[in-house]
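The values are calculated or read from the model by the stated rules, or taken from the named source; none is laboratory data. This structure is a prediction, so every number in the text was calculated from the model and none was measured. Every residue, glycine among them, receives a Cβ derived from its backbone with ideal geometry; neighbour counts consider all protein chains shown. Side chains included, ligands, DNA and RNA excluded: accessible areas come from the protein's heavy atoms. Shrake-Rupley method; radii C 1.70, N 1.55, O 1.52, S 1.80 Å.
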Amino acid sequence: MFIRNAWYVAAWAHEVGSEPLPRTLLGEPVVLFRGESGKVGALEDRCAHRGLPLRFGTVTGDTLTCGYHGVVFDCSGKCASVPGQDRIPAAMAVRSFPIVEKDELIWIWMGEAQDADESKIVDYPFHGGATPWPHLTHTQHVKCDWKLMIGNLMDLTHLAYVHKGTIGGDPDAHTQAKFDIFPDENGVRFIRWLLNSMPPKLYVDAVGFQERVDRWMEFEFIAPSTVKQFTGALNTGEGAYEEGNREGGFALRVFHHVTPETEDSCLYFWSGANGYRMDEPQVTGQLFQGLKTTFAEDEAILEAQHASLKRRPSPVVATVHDKAVVHADRVIRQLMAQQSEADLRTATAAQAAV
Amino acid sequence: MFIRNAWYVAAWAHEVGSEPLPRTLLGEPVVLFRGESGKVGALEDRCAHRGLPLRFGTVTGDTLTCGYHGVVFDCSGKCASVPGQDRIPAAMAVRSFPIVEKDELIWIWMGEAQDADESKIVDYPFHGGATPWPHLTHTQHVKCDWKLMIGNLMDLTHLAYVHKGTIGGDPDAHTQAKFDIFPDENGVRFIRWLLNSMPPKLYVDAVGFQERVDRWMEFEFIAPSTVKQFTGALNTGEGAYEEGNREGGFALRVFHHVTPETEDSCLYFWSGANGYRMDEPQVTGQLFQGLKTTFAEDEAILEAQHASLKRRPSPVVATVHDKAVVHADRVIRQLMAQQSEADLRTATAAQAAV
Amino acid sequence: MFIRNAWYVAAWAHEVGSEPLPRTLLGEPVVLFRGESGKVGALEDRCAHRGLPLRFGTVTGDTLTCGYHGVVFDCSGKCASVPGQDRIPAAMAVRSFPIVEKDELIWIWMGEAQDADESKIVDYPFHGGATPWPHLTHTQHVKCDWKLMIGNLMDLTHLAYVHKGTIGGDPDAHTQAKFDIFPDENGVRFIRWLLNSMPPKLYVDAVGFQERVDRWMEFEFIAPSTVKQFTGALNTGEGAYEEGNREGGFALRVFHHVTPETEDSCLYFWSGANGYRMDEPQVTGQLFQGLKTTFAEDEAILEAQHASLKRRPSPVVATVHDKAVVHADRVIRQLMAQQSEADLRTATAAQAAV
């Protein structure tokens, strides 16, 4: 099952143009398009006439014309015209989904439309808002349950094993990191410190560290599907840990968002932002390539883990490093229970209306 | 379910030779072969000995020898010999299917053999019979429910959208075409006229039209699976519409037949016949290539439509252009109901015989 | 279902080293590895922590470290350590399987561990034991029910049809071969003689026969999954048949073992041993290539047979050449019945213990 009453990223804003973009989201076929006015529409990718996916269609004005027999729909899913026919049948309509464009992202609401509260969309001012950082973006298709991706981001001791050659390194440093966790009802935030540790190669290449560093990894999970990451390092002694100083060393922000595609796959939207040599686009590019390599390492692990857990889901046995994994899992389960209750309410109301 | 009590095209006559030809028809694996006498056999593609598909076998005389241990079957499915064994067990036999070779086509009957009435096979004199037209043939594999292909041929307003670059063109001309429909119990015939219209590029290339034309499209659906098409155009004023004159312009006949392969795929047998420059084989070849391009456009649409309808079959909402679609659908549903009744009668008789 | 209470070949000894080797055996994902001491471990290929297949791990000492978060398991499946954690949870363990390394083979027991009786493993002294013959080995993946491979080896009249170009040839010679069969409770042995027959090309190339030969094919099936083959030929008149002389002509031993992978696939482990020009490695190599070609012919047949029988399992109708097939099948069915009874006993005992 999916948590439908939530906002998910459907696409990066720049991915949606006058060419229809088909995506499967929460198990539903959706077609996204941008009308001539700039408005974005998200419709069920299925014409009401004969069922052809609307992705074969063409955009005119703020409407989409089906590529089979020319039936036209607007962004609300209403039929605007049927060629050669005056009256439009009431049933000639397709489902549309609430859309909000914000922070370079197209957010979609797949649940009950009346509950779509725009104020609940996650803020991310680093894309183009109040405090923009130079960044690059990626849409990664991963064949795993979306929840495994969240779990992956909640236990960073995997860096020592999965990312040996990129951002990982010394297992002991990772398992002995200082770890503070701040759970709440909507997610969990944690910060790990590798004090007085050897900087990984990627950091050295980035800012030329010559000695040991104090390295932080701050992750904030906002249920159901967003993780904001802020990591960096300063030379030990420059007050990163003691005084909260974050300036003058290495600093990187990653926006992670995992939209369920099917029960067995997800769309992993992420951006990597350069906070250390902000005026150098090629540095942002190098950082992006490093992250791409790193997240491909995760992908291989997650797809194998998914196949394994699909075959036999339990037992899984937690370790001391799973504190954030376990809390995130609890929050997700609560949202699933709320979704079931909402579905029940909707069904009951529908029944009463008969 | 399939309408089994009907004649279907299993292959073009020229496709069946001394090399066994395996085909899945109405969900059943069938192997076709032509014996030395010219006779065509159609057997279940499964040896009665150890189950190997008989397509691995070799043809000798009018028999097929299994490629595993050499058991031999004749065209009736009877076992002709077992190597090194005198007595042939009664159970050593495979199912055979009634076959008729006619009009360059191999017709097969997959239903109850006693009901196979050869007189019910569709006539098509343009292949090689009384009024042959020069033509070329194709066997196209399409991953859709066979009924969608029939539906596609019954609403030609799709030409304006699906076949923009080939035989389509102006949407308004298509949606405003004169349309006469002649439904009957076994199918439906319709004729569409685009009077005083611009000829499509394919027609101009074919016969050099220099002005507006009167263009006809006559389609006859004979249930469950055949559509005969006769289309053409004459210069406006030459009496195509008013006087029934069909000579001296562009004229094309297409034989369409859709044999179910599985619930999700079909074999689309079609021929295209040149009625305008009949003595020029290269013109027949060009016409064929044009049709091949056109029908590949249909294939892309139909496969996407099939996947979409498989996920969610209803609703589909008819437009004014669906008159022939709706009637053809009704005839097909009646044949399905008759098949169910026949199956019930067979089962009841079998029960009574116990 | 699988006969789990039996020894199967999991791998050739040389296939298992310090790089984890994943295999699916009897439907279960297993990872094999060789520790630094030379000991071989076979574990369920699924970490108890988060489910990642252990094949992503690395071998240290005689243990395997998971490639996700570094949990360590020994050859018995016991957890040896969790990074950064003192106490090891009781549930942090994976299933291990009894392993015996013998005759260059890694044998595995997938049934109840307490029933794993090493003395029941098939002997094969020709690999490296008392009477070694020069040989080469292969692991062939075949997409068929493992029982079809056994059936294939039990009726050699298929040589005339499937192996026309390699070891087959004259159908009459094969169907008229002398045939003696020696069934017992654990399998069946048979010997076929093609007396005074033309030697196949492979034999001629091997030892330069210039005349007719007496050719033997001795096959011993030991349930559930091993077949030992000894075939060869001497010039007619040199006493192969009458006096039991096996020296001075062509002689070949093949070890066949078929381990179920899934219900629809198996691992076919085989070796081909050169008994005629034992001091010439290139002759052993040529023999091996000949067998590889031959067994690829079987693979094509068996995969098609499997798909056909999966669609419709019965009827299959035996011929006079199926004596060994039928007996082997009976022995296999008895082992299946015994497995069901053992499963019932285990379930009953588990119930009583509550």
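Data for the structure
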item: Most fluctuating residue given options B:Gly17, B:Gly128, B:Gly51, as computed from a GNM of chain B linking Cα atoms under 10 Å; result: B:Gly51
item: Average projected area [Cα convex hull, segment A:72-188], square nanometres; result: 12.9 nm²
item: Value of D in µm² per second that Stokes-Einstein yields for segment C:222-354, Kirkwood Rh from Cα pairs, at 4 °C (1.567 mPa s); result: 69 µm²/s
item: Centroid-to-centroid separation of segment B:51-87 and segment C:114-178 [C-alpha atoms, Å]; result: 25 Å
item: Cα coordinate range in the protein assembly as shown, projected on the principal axes (Å, largest first); result: 100, 97, 58
item: Sequence-distant residues sharing a close amide H with A:Leu25 (under 5 Å, placed H); result: A:Val30
item: Segment B:252-266 and segment A:189-253: distance between their alpha carbon centers, rounded to Å; result: 64 Å
item: Over segment B:1-145 - Rg/Rh using Cα atoms and the Kirkwood inverse-distance radius; result: 1.00
item: For C:Ala352, label point 7 Å along C-beta direction: distances to other copies, nm; result: 5.7, 5.7
item: Cysteines, chain C, no other Cys beta-carbon under 4.7 Å; result: C:Cys75, C:Cys79, C:Cys144, C:Cys266
item: 7 Å along Cα→Cβ, label-point gaps from C:Gly248 to other copies, nm, shortest first; result: 9.6, 9.7
item: B:Asp62 long-range amide H proximity, modeled H, under 5 Å; result: B:Glu36
item: Cβ-derived FRET efficiency at R0 60 Å, C:Arg312 paired with C:Ala349, nearest 0.05; result: 0.95
item: For the pair C and A, total buried accessible area rounded to nearest 100 Å², probe 1.4 Å; result: 2200 Å²
item: Projected-area average for segment A:279-324 over all orientations - Cα convex hull basis, square nanometres; result: 5.0 nm²
item: Probe 1.4 Å, accessible area per residue of the protein assembly as shown, Å²; result: 42 Å²
item: Out-of-range pairs (alpha-carbon distance over 27 Å; input B:Lys228/B:Lys292; C:Lys147/C:Lys201; A:Lys178/A:Lys201; B:Lys201/B:Lys228; A:Lys102/A:Lys178; B:Lys143/C:Lys147); result: C:Lys147/C:Lys201; A:Lys102/A:Lys178; B:Lys143/C:Lys147
item: Vicinal HN-Hα couplings computed from phi for segment B:182-195 (Karplus, 6.51 cos²θ - 1.76 cosθ + 1.60; Hz; Gly/Pro x); result: 10, x, 9, 5, 9, x, 7, 10, 9, 9, 10, 10, 9, 7
item: HN-Hα J in Hz across segment A:39-45 - Karplus 6.51, -1.76, 1.60, θ = phi - 60°, x for Gly and Pro; result: 5, 9, x, 9, 10, 4, 7
item: Which of A:His174, A:Leu195, A:Val317, positive extreme of dipole for segment A:125-334 (C-beta unit charges); result: A:Val317
item: For residues of A:313-322, the mean tally of beta carbons on other chains within 10 Å; result: 6
item: Antiparallel DSSP beta bridges within chain B, percent to nearest 5; result: 100 percent
item: Qualifying GluC sites (Glu not before Pro) for segment C:147-223 [loop in DSSP, other Cβ within 10 Å: at most 15]; result: C:Glu185, C:Glu211
item: Closest-to-axis residue of chain C (Cβ criterion, axis taking C to A), whole Å; result: C:Asp264, 12
item: Convex hull per residue volume in Å³, alpha carbons only, for chain B; result: 158 Å³
item: Of B:Gln339, B:Gln176, B:Gln229, the one that fluctuates the most in a GNM where chain B has Cα springs shorter than 10 Å; result: B:Gln176
item: Under the Karplus curve 6.51 cos²θ - 1.76 cosθ + 1.60, θ = phi - 60°, whole-Hz ³J(HN,Hα) for segment C:55-69, x wherever Gly or Pro sits; result: 4, 7, x, 10, 8, 9, x, 9, 10, 10, 9, 4, x, 9, 10
item: Other copies of B:Arg333: label-to-label distances in nm, shortest first, labels 7 Å along the beta-carbon direction; result: 4.8, 4.9
item: Angstrom value of the Kirkwood radius, inverse mean 1/r, which spans all Cα pairs in segment B:34-101; result: 11.9 Å
item: Degrees between helix A:323-353 axis and first principal axis of chain A (Cα, 0 to 90, nearest 10); result: 10 degrees
item: Hydrodynamic radius (Kirkwood) for segment A:115-240, which is based on Cα pairs only, to one decimal in Å; result: 16.5 Å
item: Two-decimal Rg to Rh for segment B:125-334 - Kirkwood Rh, Cα set; result: 0.95
